[in-house]
Amino acid sequence: MIRAASLCALLTLAALPAGAETAAIRSGEHADHSRIVVEPGEPTAWALGRADGGYVLRFDRAGIDFDTSDVFRLIPRSRLSALEPAGDSALALTVAPGHHARAFETPRGVAIDIYAGPAPADSPFEAPLAASDTAGTADPPAP
């Protein structure tokens, strides 16, 4: 009887839609840039592109939420002035005027660096994202 009840409970849980996952977000301040690291929990294709006032980071997996409450605990708002969810599995980054973003894949997610000055001419992150964009990886910036 206990086996049957356990099996019924397991099948009921398996039939429910998966809950939203909260991506871990870490931040750090460096001499020439501010860094945000977003870790969605498992490898997921991503894209970063221009949006009003900054950039949008989008993951290619539905149901990713973001807890941005501690982002500005370690970094000032001088380069990155706001960070907030922007729809399903997307995060909006508001950057200070005259700043740009560079991104690269990490083993558990994506790192975004905010630098002063114009973006490099060949930056793949300056184009607006299309609704279907998920770029995947980008090479890390040169040291």
Neighbourhood charge, 10 Å Cβ-Cβ cut-off, centred on Asp113 and excluding it, Lys, Arg +1 and Asp, Glu -1
+2
Within-14-Å neighbourhood charge of Leu74 [Cβ basis; K, R +1; D, E -1]:
+3
Multiplying the sequence separation of Ser78 and Ala119 by 0.36 nm and subtracting their Cα-Cα distance, what value in nm do you get?
13.1 nm
Along Cα→Cβ, 7 Å out, is where each label goes; now give me the distance between the ones at Asp88 and Ala45 in nm to one decimal.
1.6
Could you order Tyr55, Tyr115 by accessible surface area, starting with the largest, using a probe radius of 1.4 Å?
Tyr115, Tyr55
Multiply the residue gap between Asp32 and Ser69 by 0.36 nm, knock off their C-alpha separation, and tell me the result in nm, one decimal place.
11.0 nm
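The values are calculated or read from the model by the stated rules, or taken from the named source; none is laboratory data. Everything numeric in this text was worked out from a predicted model, so none of it was measured. For neighbour counting, all protein chains shown are included, and Cβ atoms are generated from backbone atoms with ideal geometry for every residue, glycine included. Areas reflect the complete protein model, heavy atoms only, side chains present, ligands, DNA and RNA absent. Shrake-Rupley method; radii C 1.70, N 1.55, O 1.52, S 1.80 Å.
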